[in-house]
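Following: one structure in C-alpha cells, then a few remarks.
The values are calculated or read from the model by the stated rules, or taken from the named source; none is laboratory data. Everything numeric here is computed off the predicted structure, so don't read it as measured data. Methodologically, a virtual Cβ is constructed for each residue, glycine included, from the backbone with ideal geometry; neighbour enumeration extends over all protein chains shown.
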Amino acid sequence: MCRFFPLSFLWFTCLSTGLFAQDTTYTNSIGMEFVLIQPGSFVLGKFQPPYPQPSNAPQAENNNPDKPRGYHAVEYQRARELAEQEALPGFTVTISQPFYIGKFEVTQAQWKKVMGDNPSVFQGDQVSGDSDQHPVDHVSWQEAQTFIRKLNQMEDGTRHYRLPTEFEWEYAARAGAQEDIAWENIRIMAQLGGRTTYAVGQKQPNAWGLYDMLGNVWEWVQDYYNEKIFADSIPLTTGKEHVLKGASFTGDVKNATYMTHAAGPGNGWDVGFRVVMEIKPSEQ
C-alpha cells in the first residue's frame, strides 16, 4: 500500500516496491531534468484570518508604546466575527494522473538551445556567475507556449510538454503539505528581496526534490486568471490574463506562498516558467 507522509519523509518511498513503472526522474535531449509526481489531493483556497486573543489586563498596563495593546472581550468578539466573515473553507483538488514537472525553472541555456536567442534582462554582466544557469526571464505567456511547441518538435513526439495547470503547480509546490509554508522554510527555500535572479538549484528543494518553487522568477501556468484571491474549483476556459505562481526574487513573504494566485504579465522582467512532461498512457 502506498502512503503519503509528512514533509520530513520522502512521499514516494513506495516507488521502491515496484508498484509504479515510471522512473522517478527523467532527463530529456537538451538536459532538462524532470521529477515524477504521483496522484494525490490537497485543499486549495482555505483561508482563516488571524484575530487577537482577549485580555483582562487593565487599560493602564497598555500605555507603554513599546508594548502591544491587549484586546478585551468585547473587542475580541468583534475581531473574531470579522475574521470568520472573511474565512474561506477552500475545496479539495484531486490530481488523478501522474506527471513529470521540471526540477528547475527553464534556464537561459535551455531557452537558447530551443529558441536560438535570449530575452532575459538578467544575463551577462547583470548577474554573478554563469547566466546560462539562471532562469530565463522577461518571457510572456505566449513566448512560453512558443518554446514548448518548438521543444515538442525537437523531441519528435517521443514526449509531450506543456505548462502545468495551476492545480498541478500548487500540488507539486506543496509536496504533501496541507498547510501553507512557514517563514523558516521560506527563508531556507526561497531567495527574496534581491536585485537579480540567481542560478537555479541554489536553495533547498522541497520534499519532492523541486527547486525554486518559491522565489527566483514568477512562473506561468496554463490557466486564465479569474480576478479573485484564489482559483475557482473549475478553471476558466477564457480570460484576459494568465496566472503566475511562486513569486520572484523581488518579492516578499506575503507573495512567497503556495497559495498566491497572481495575474500576469506583472512587470515582465522577473517572469519565467517551468515545464510539465506528460506520461504516455502506455507507461501508466
All positions within segment 20-72 that are of a type outside the set (Gly, Ala, Ser), at pLDDT below 60 and part of a loop (DSSP other than H, G, I, E, B): 20, 56, 58, 63, 64, 65, 66, 67, 68, 69
Close pairs from segment 203-221: first closer than 21 Å to residue 38 by Cβ, partner among the aromatic types (Phe, Trp, Tyr) and at pLDDT below 95, Cβ under 7 Å, at least 6 apart: 207/11; 208/11
Test: residue 223 is part of a loop (DSSP other than H, G, I, E, B), closer than 27 Å to residue 182 by Cα and of a type outside the set (A, V, I, L, M, F, W, C): no
Test: residue in segment 181-196 that is among the charged types (D, E, K, R) and closer than 25 Å to residue 100 by Cβ: no
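Test residue 91 against the criterion of being closer than 29 Å to residue 175 by Cβ, among the aromatic types (Phe, Trp, Tyr), surrounded by fewer than 16 Cβ atoms within 10 Å (Cβ to Cβ) and at pLDDT 75 or above, and give yes or no.
Numbers: closer than 29 Å to residue 175 by Cβ: yes; among the aromatic types (Phe, Trp, Tyr): yes; surrounded by fewer than 16 Cβ atoms within 10 Å (Cβ to Cβ): yes; at pLDDT 75 or above: yes.
So residue 91 fits the description; yes.
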Considering residues of segment 163-212 that are under 16 Å from residue 231 (Cα atoms) and acidic (Asp, Glu) only, the residue nearest to the chain's Cα centre (by Cα): 170
Residue, modelled with the lowest pLDDT, within segment 128-158, restricted to residues that are surrounded by fewer than 18 Cβ atoms within 10 Å (Cβ to Cβ) and part of a loop (DSSP other than H, G, I, E, B): 157
Residue list for segment 235-260, filter: closer than 22 Å to residue 143 by Cβ, in a loop (DSSP other than H, G, I, E, B) and touching a residue at least 24 places away in the same chain (Cβ under 8 Å): 235, 241, 246, 247, 248, 249, 250, 251
Answer residue from segment 232-273, given it is surrounded by fewer than 23 Cβ atoms within 10 Å (Cβ to Cβ) and basic (Lys, Arg) and is nearest to residue 164 (Cα to Cα) among those: 240
Residues satisfying the stated conditions in segment 178-231, i.e. out of contact with any helix residue (DSSP H, G or I) (no Cβ under 9 Å at 6 or more places or on another chain), surrounded by fewer than 18 Cβ atoms within 10 Å (Cβ to Cβ) and on the phi > 0 side of the Ramachandran plot: 193, 209, 227
Breaking point among (1) crowded, with 16+ Cβ neighbours inside 10 Å; (2) closer than 21 Å to residue 221 by Cα, for residue 97: (1)
Hits in segment 159-177 (condition: closer than 17 Å to residue 30 by Cβ, crowded, with 16+ Cβ neighbours inside 10 Å and at pLDDT 95 or above): 161, 162
